[in-house]
Structure formats: C-alpha cells, structure tokens
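Quick notes on the structure that follows.
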Amino acid sequence: QVQLVESGGGLVQPGGSLRLSCAVSGRIFRIISMGWYRQASGQQRELVATITSGGRTNYADSAKGRFTASRDNAKNTVYLQMDSLEPEDTAVYYCNANGTTSSNSTSRDYWGQGTQVTVSS
C-alpha cells in the first residue's frame, strides 16, 4: 500500500506565502513523477505543477512565476512553494505521485487526502 501525506496548508492573506509538503511512503518501488493539483469549490480538479525524478517541471499558467515545485528523491517528498498568493488560489490541494510498486508493474497514480489552502484577508 502506498500513502501520500500532505502538510502545510492553511489560511494566508493575499500576497502571502505557503509551502506545501508531501511525503510518499509504503510499498513504492519507483516514483516517475510527482506533483500538485487543486480543486476549488464547485470546480474540477486542475493541474498546478508536476516534477519528474530528473527535476523537470511543468506548471499551469496560473502558477508560473509564483509557484515553485521541488523534490527530494531520497525522501520521496515533493514540495510546492507558493508566493504572491491570490484569493483565486483558494482550493484543496492534492499531492500526486505516479509510480510503480515493483520492477515489472505498470505505473499508476496515487493521491493524497488533500490540504486546504485559503487566501483571504
């Protein structure tokens, strides 16, 4: 079984910063990519940022220039540094890991339970 545990959400004022963390544990053999998605109330879940094991990143247009994804492969942990936060960033943020549980298994997505980020004055 694979578990993803997120931390770092909370309430912040517009223009403020937050740093999210997500640690992967359990029966994971290889993590191919990790990332963050978010879902605002009444909206569909959307991509925020992804990062490969080699450090290649991909960001949603709304995150470019404000958010930074990073990764510690030794700790199976992914981070999301969020700066210049706006009320529109308010959402539940979900951690994602795409990986395998053995050398010959196909990859699949694993998800965290989500952490609330609220940007409000």
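The values are calculated or read from the model by the stated rules, or taken from the named source; none is laboratory data. What you are looking at is a predicted structure, and each value in this text was computed from that prediction instead of being measured. Every residue, glycine among them, receives a Cβ derived from its backbone with ideal geometry; neighbour counts consider all protein chains shown. Each accessible area value is taken on the protein alone, full model and side chains, heavy atoms only, with ligands, DNA and RNA left out. Shrake-Rupley method; radii C 1.70, N 1.55, O 1.52, S 1.80 Å.
With every protein chain left in place, what is the accessible area per residue of the chain in square angstrom, probe 1.4 Å?
Values: 6460 Å² over 121 residues.
Accessible surface, normalised per residue, equals 53 Å².
Leaving out ligands, DNA and RNA, and with a 1.4 Å probe, what % of the accessible surface on the chain is carbon or sulfur?
43
With a cut-off of at most 12 other beta carbons within 10 Å, and DSSP calling the residue loop, which trypsin sites (Lys or Arg not before Pro) in the stretch 59-121 qualify? Please list them. Those satisfying the criteria are Lys64. For the pair the stretch 2-36 / the stretch 81-121, the C-alpha centres are spaced 6 Å from each other.
Give the average over all directions of the projected area of the C-alpha convex hull of the stretch 13-92, one decimal, in nm².
Details: hull surface 23.0 nm².
With the hull built on Cα positions only, its mean projection is 5.8 nm².
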